[in-house]
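The values are calculated or read from the model by the stated rules, or taken from the named source; none is laboratory data. This is a predicted model, so every value here is computed, not measured. Virtual Cβ from ideal backbone geometry, glycine too; neighbours counted across all protein chains shown.
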Amino acid sequence: MVADTIASDMSTTRPTFLAIAGSLASGAHVVESGESLWKIARQILTERGELASGSSISDLWHSIYELNRTLIGDNPNLIHPGQVLQLPTG
């Protein structure tokens, strides 16, 4: 009985995990506790080897917000751990 429950839970969890992993491969970011759009933008620019100036960080976080506005809502300062944000290409 317990094995059936575990197998049932795993069968419903696995497709969700695969969907998230597929999103990440195509340019997405899973929000972690303590992150903000500004911190995410700075991290992306740094990983790309680009200059992470105040204006470039601001431009990128605004782009991330606009791309994910329906998920985030009206307050760009309120993002939640586990949210999968799509990232701008380029």
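In the stretch 57-90, what residues are modelled with pLDDT under 95 and exposed (fewer than 10 other Cβ atoms within 10 Å of the Cβ)? Spell out the reasoning first.
Going residue by residue through the stretch 57-90, those that are modelled with pLDDT under 95 are 88-90.
Across the stretch 57-90, the qualifying residues are Thr89, Gly90.
Of the conditions (1) at pLDDT below 50; (2) under 13 Å from Leu85 (Cα atoms), Thr12 clears all except one; give me its number.
(2)
Among the candidates Leu71, Leu78, Leu85, which residue alone is outside any helix (DSSP H, G or I), within 14 Å of the chain's Cα centre (by Cα), under 14 Å from His29 (Cα atoms) and not polar (S, T, N, Q)?
On the way: Leu71 fails: outside any helix (DSSP H, G or I); Leu78 fails: under 14 Å from His29 (Cα atoms).
Only one candidate passes the filter, namely Leu85.
Kindly check whether there is at least one residue in the stretch 38-47 that is touching a His at 6+ places or on another chain (Cβ under 7 Å), assigned to a loop (DSSP other than H, G, I, E, B) and in contact (Cβ under 8 Å) with a residue 24 or more places away in the chain.
Of all residues in the stretch 38-47, those touching a His at 6+ places or on another chain (Cβ under 7 Å) come to 40.
Retained after the next criterion (residues that are assigned to a loop (DSSP other than H, G, I, E, B)): none.
So far as the stretch 38-47 goes, no, none of its residues is touching a His at 6+ places or on another chain (Cβ under 7 Å), assigned to a loop (DSSP other than H, G, I, E, B) and in contact (Cβ under 8 Å) with a residue 24 or more places away in the chain.
Under 9 Å between Cβ atoms, which residue pairs at least 6 apart in sequence (or on different chains) link something in the stretch 58-74 that is touching a residue at least 40 places away in the same chain (Cβ under 8 Å) with a partner that is buried (at least 20 other Cβ atoms within 10 Å of the Cβ) and part of a helix (DSSP H, G or I)?
none
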